[in-house]
Structure formats: C-alpha cells, structure tokens
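The values are calculated or read from the model by the stated rules, or taken from the named source; none is laboratory data. The shown structure was predicted, so the numbers you read here are calculated from the model rather than taken from an experiment. Positions of Cβ are generated from backbone atoms using ideal geometry, with glycine treated the same way; all protein chains shown enter the neighbour counts.
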Amino acid sequence: MELEQAIRSRRTHKAFAPESVPRELLDELLELARWAPNHHLTNPWRFRVLGPVSLSRLKDAAGPEAATKLDRAPTLVAVSALRSTDPVQDLEDMCAAACATYAVLLGAHARGLAGYWRTPAVLRTDAGCAAVGIGPDERFVALIHLGWPRQEKEPPERAPASDVISYLD
C-alpha cells in the first residue's frame, strides 16, 4: 500500500472480528513505531500489550459501564510517554509518542488490520494507569484497539485544506 493511500484510507473502526492480533504482527507494528521522529532520540514511548489479567484490572478500574467499551477489540495496546523535567522536552516527547501511535495505526492498516485510537477516562486516573503499569514517571497517550475489521468504513467529511492552512508573509 502506498503511503498517501494509507493515510487517506485509514479509518477508526469500532467493530472487530474476535481473533487477536498475532504477537509476531504486533512486534512488527511496535518495531515500526520506533522510527517515529523524536528530538534528541529520547525514545520516550512505551507500549504495553494488555493480556487478560491487565485487561481485567483496567476494567475493574473503569467500572462496569465503561468496561464494556474495553471489550470492543481483541487486542489493546496502552501507549505512554516518559515524562521529562524539562517542559520543552516533555512536550516534544509527548508529541513523539503520538507520532509513534499513528505509525502503529498506519502500519496496522497497511497490513489489513483495523484500529481505533482511544483516550478513555480510566487511563487519565491513577487507578487506570496502575492497572496497566503506567507509573508517575510516564504520561498516558493512547489506548490502541487493534483487530481484523468486521466491515468497511467510508471516509468522513473533511474540512477543505484552505480552512486550516495559512501562508504567512
């Protein structure tokens, strides 16, 4: 799949087949994410693939109503960024971890997988972060839902480029 096609055709999916993503394929995607840009090569991203025990802890922390959304995809990856005491590096590292998350989603899409970038409220709590091993020296970035798609998705309407681009003198 060509890069531009991957960017334009990737969609957020919320309906997945029940089969988990094989570990070898996850390893390929997470290795790909390491190539995201990061200032001073800090490699700030951390990826945690949730297994049944960590998922159960996260669901307990989320509560019954929010826990059902955690069952949408067969494979979940929690992404965090290491914190820095330097505010500029801290922001750069957070952005780098977001780029790495997008690299995972694009790589998954290129391999026929569906993905969903979520930021559930539970992972903005101490209990939720503890459930998946994100300590105080890290900041939660994303919970990536991955799996095989159950349906095709049409592209959403997009604002014209002219609405978001300015050329400055």
Subset of the stretch 96-117 (residues that are touching a His at 6+ places or on another chain (Cβ under 9 Å) and surrounded by fewer than 19 Cβ atoms within 10 Å (Cβ to Cβ)): Trp117
Within the stretch 22-48, tally of residues that are of a type in the set (D, E, K, R) and not in a helix (DSSP H, G or I): 3
Of all residues in the stretch 18-55 being hydrophobic (A, V, I, L, M, F, W, C) and exposed (fewer than 13 other Cβ atoms within 10 Å of the Cβ), the one that is nearest to Ala103 (Cα to Cα): Trp35
Per-region count, the stretch 56-86, residues part of a strand (DSSP E or B) and surrounded by fewer than 18 Cβ atoms within 10 Å (Cβ to Cβ): 0
Any hit, the stretch 81-95, residues being closer than 22 Å to Gly147 by Cβ, of a type outside the set (D, E, K, R) and at pLDDT 95 or above: no
Selection count, the stretch 95-136, where residues are under 15 Å from the mean Cα position of the chain (by Cα) and closer than 30 Å to Glu4 by Cα: 23
Residues being within 17 Å of the chain's Cα centre (by Cα) and in a loop (DSSP other than H, G, I, E, B) - total across the stretch 1-21: 7
Leading residue by the ranking (farthest from the chain's Cα centre (by Cα)) among those in the stretch 138-169 that are over 30 Å from Asn43 (Cα atoms) and of a type in the set (Asp, Glu): Asp169
Residues within the stretch 135-169 that are small (Gly, Ala, Ser), crowded, with 17+ Cβ neighbours inside 10 Å and closer than 26 Å to Met94 by Cβ, tallied: 1
Test: residue in the stretch 125-134 that is surrounded by 10 or more Cβ atoms within 10 Å (Cβ to Cβ) and acidic (Asp, Glu): yes
Pair list, Cβ under 8 Å, 6 or more apart: the stretch 60-77 residue under 14 Å from Ser20 (Cα atoms), other residue hydroxyl-bearing (Ser, Thr, Tyr) and surrounded by 19 or more Cβ atoms within 10 Å (Cβ to Cβ): Arg72/Tyr116; Ala73/Tyr116
Residue in the stretch 123-134 that is part of a loop (DSSP other than H, G, I, E, B) and free of Cβ contacts under 8 Å to residues at least 24 places away in the same chain present: no
